[in-house]
Amino acid sequence: MNEYVWKLDVEYPEGALFPEDFEPAWWAGRKRADWKPEGWEPDVEYLERFQTTRFIWPSVRRVYLSRTAAVERALLLEHYGAKVRLLRSKPLEFEERSFRRPLRVIRGGAA
């Protein structure tokens, strides 16, 4: 059975990020706090969860362990106007590696 990890390559909509020539330079490419998708308004559930009226982009993990999780996040990002490419790793190979020191065995129950 082949196992893979998945990654998202996200292109945010125009205006959602600070431009590359923005000063100070360390803000360039970061998400703008004043941007929101056209027509988006926070509902009661959003306000209770995030305690703010500003739009917060869903987080993007470095890698996803399942295609399903990666696709679900990609669809959410696309719903808000981002363009997303789904990237799959080459098949993963695992090999046993020795440890520098022996593993401790953790035993349950009363001490």
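Just a few scattered comments:
- DSSP-assigned coil residues among trypsin sites (Lys or Arg not before Pro) in the stretch 7-46, each with at most 13 further Cβ atoms within 10 Å: Arg30
- Rolling a 1.4 Å probe across all protein chains gives Leu87 an accessible area of roughly 60 Å².
- In this structure, the amide hydrogen of Arg32, modeled 1.01 Å from its nitrogen in the peptide plane, lies closer than 5 angstrom to those of Leu17, Phe18, counting only residues at least 5 positions away or on a different chain.
- For the stretch 8-111, applying the loop criterion from DSSP together with a ceiling of 14 other beta carbons within 10 Å to the chymotrypsin sites (Phe, Trp or Tyr not before Pro) yields Phe22, Trp40, Phe94, Phe99.
- Each Lys or Arg adds one and each Asp or Glu takes one away; over the other residues whose Cβ falls under 9 Å from the Cβ of Ala28, this sums to -2.
- Close amide H contacts of Val5 (hydrogens built in the peptide plane, cut-off under 5 Å, sequence separation of 5 or more or a different chain): Ser89.
- For the stretch 59-69, putting each phi into the Karplus relation 6.51 cos²θ - 1.76 cosθ + 1.60 with θ = phi - 60° gives couplings of 5, 10, 6, 5, 9, 10, 7, 10, 5, 4, 5 Hz, in residue order, rounded to whole numbers and with x for Gly and Pro.
- Of all lysines in the structure, those lying under 30 Å Cα to Cα from Lys90, and not within fewer than 8 positions of it along the same chain, are Lys7.
- Accessible area per residue in Å² at 1.4 Å probe, computed on the stretch 60-111: 104 Å²
- Unit charges on C-beta of K, R, D, E only; dipole of the stretch 6-88, Debye: 580 debye
- Pairwise inverse Cα distances across the stretch 21-69, averaged and inverted, put the Kirkwood hydrodynamic radius at 13.7 Å.
- For the stretch 33-47, putting each phi into the Karplus relation 6.51 cos²θ - 1.76 cosθ + 1.60 with θ = phi - 60° gives couplings of 6, 8, 8, 8, x, 4, x, 7, 9, x, 9, 4, 4, 5, 4 Hz, in residue order, rounded to whole numbers and with x for Gly and Pro.
- Cleavage-rule hits (GluC sites (Glu not before Pro)) in the stretch 51-97: DSSP loop, at most 15 neighbouring Cβ within 10 angstrom: Glu93, Glu95, Glu96
- Size of the chain from its Cα atoms: along the principal axes, largest to smallest, the extents are 55, 40, 33 Å.
- Computed label-point distance, nm, for sites Asp34 and Arg62 using a 7 Å Cα→Cβ extension: 3.4 nm
- Alpha-carbon centroid distance for the pair the stretch 6-54 / the stretch 57-91, whole angstrom: 17 Å
- Set of aspartates and glutamates near Lys36 by C-alpha distance (under 14 Å), chain-local residues within fewer than 8 positions excluded: Glu14, Glu78
- Candidate lysines - alpha carbon under 17 Å from Lys31, same-chain residues fewer than 8 apart omitted: Lys83
- Straightening the chain between Leu75 and Leu47 buys 7.9 nm, computed as 0.36 nm per residue apart minus the Cα-Cα spacing.
The values are calculated or read from the model by the stated rules, or taken from the named source; none is laboratory data. Nothing here was measured: the structure is a model prediction, and the numbers come from that model. Cβ atoms come from the backbone with ideal geometry, glycine included; neighbour counts cover every protein chain shown. Please note that ligands, DNA and RNA were not included when accessible areas were found on the heavy atoms of the full protein model with its side chains. Shrake-Rupley method; radii C 1.70, N 1.55, O 1.52, S 1.80 Å.
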